[in-house]
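Contents: one structure, followed by commentary.
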Amino acid sequence: MDASEIKALISLLEDPDDEVNSKVSEIIRSQGVEIIPILEKTWEQSADEKLQEKIEDLIQDIHFNYIEFLLKAWVESDTHDLLEGAYIVARLQYPDLQYQYLANIIDDLKQDIWLELNPNLTALEKIRIMNHFLFNVHKFSGNVYNIYSPHNSYVNQVLETKKGNPVSLSIVYICIAQKLGMPVYGINLPRNFLAAYLDDYEAMPDNILFYINPFNKGAVVSRNELETFMVQQGMESDSKYLKPCTNLEIIQRLILNVIMAYDKMGYKEKINDFQKLLKIVMGKEGNM
C-alpha cells in the first residue's frame, strides 16, 4: 500500500459510520509501525479533535502490537540477549528508542574497563576494577531517594541518569561484565537482586565464587553473608535463590518492578499493558 492509498484510508476515519471506522482502523493497524509517521503527520495537520483522538489510539495500538511481536520473538530466540530484553521493555515507554544507542553506551563503558584488565588478574581483582570505573568514575548508583519510580526500570534511563533499582543496575552490570568475558549472572532474590561471579558455569551451575551487589556500588558478598542476610530479612531459606537465574527470569522481574511502580502511581492503563507483556515471558524456560 503506497502513501496515497494510506492517506485515502486515513481520511475514511472521519466517516460517521462506526462499522466503516472499525474496518478502516483494522486495516490501518495491519500496516504495522511503518504507517506511524504518516499517522503522526495527519494528526499534526488536522484540526479535528475526534480524528486526532482516533489517530492517537491507533498509534498506541500499533506500537503496542509491535512491542508484543518483538518480545515474543525474543522469548522464542535461542540466546535471550539480556540487553535486548531490557530494551524491548523500555521501548514500550520510549517508542523511538534504538537498540544500537544502548549497545553503544554499554560498549563505551566496557572499553574503559577493558583497558585496565589483564589475564593475570583474579576474579575479585577484575570486579574491583569494574566497580571502580562504574561507581567511582562513571558515578552509577542506586536511586535510594526515588526507588519506586518506573524510570528506574528503563535501561535507557539508567544509562543516561546513572541511577536505577537493584534489577536494572544488575542488568547493566551483567551486560558489561559478560562483554568483558566475565561469567557474571543474575541472582533473583525475593526482596533484592544481585549478581554472581561463577567459577566454571559449564561444569556446575551453582559453583559461585562470590556474589555482587550492584545497587550497593558492587559490594562483594560471600554465600555465608548472604544466607545470614536472608535470615535477618525473614526470607525463605531456599538454596534455589542463591543460584544463577535465566535472562528470562531477569526480564520477568524487571516487568514486575515496572508494574509495581505504576501501581503505586495508580496508572491502570500502564499496568494493563505491562501485565500483557508479563504473560508473554511468564512460565517459559530460558537460557543464560
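The values are calculated or read from the model by the stated rules, or taken from the named source; none is laboratory data. Everything quoted here is computed from the prediction, not taken from an experiment. Heads up, the Cβs are rebuilt from the backbone with ideal geometry, glycines too, and the neighbour counts pull from every protein chain shown.
Observations, loosely collected:
- Sole exception among (1) surrounded by 15 or more Cβ atoms within 10 Å (Cβ to Cβ); (2) among the basic types (Lys, Arg); (3) free of Cβ contacts under 8 Å to residues at least 40 places away in the same chain for LYS41, by number: (1)
- Counted residues, the stretch 75-118 - those being closer than 26 Å to TYR267 by Cα and not in a helix (DSSP H, G or I): 5
- Selection status of LEU51, outside the structural domain of LYS23 (by TED's automatic domain parsing), more than 18 Å from ILE280 (Cα to Cα) and aliphatic (A, V, I, L, M): no
- 2 or more residues closer than 30 Å to MET265 by Cα, in contact (Cβ under 8 Å) with a residue 24 or more places away in the chain and among the hydroxyl-bearing types (Ser, Thr, Tyr): qualifying helices (runs of 4 or more DSSP H) within the stretch 119-232: 166-179
- LEU92 being surrounded by 14 or more Cβ atoms within 10 Å (Cβ to Cβ) and over 30 Å from ASP15 (Cβ atoms): yes
- Single match in VAL184, VAL137, VAL144 (criterion: assigned by TED's automatic domain parsing to the domain that holds GLN232 and closer than 28 Å to LYS72 by Cα): VAL184
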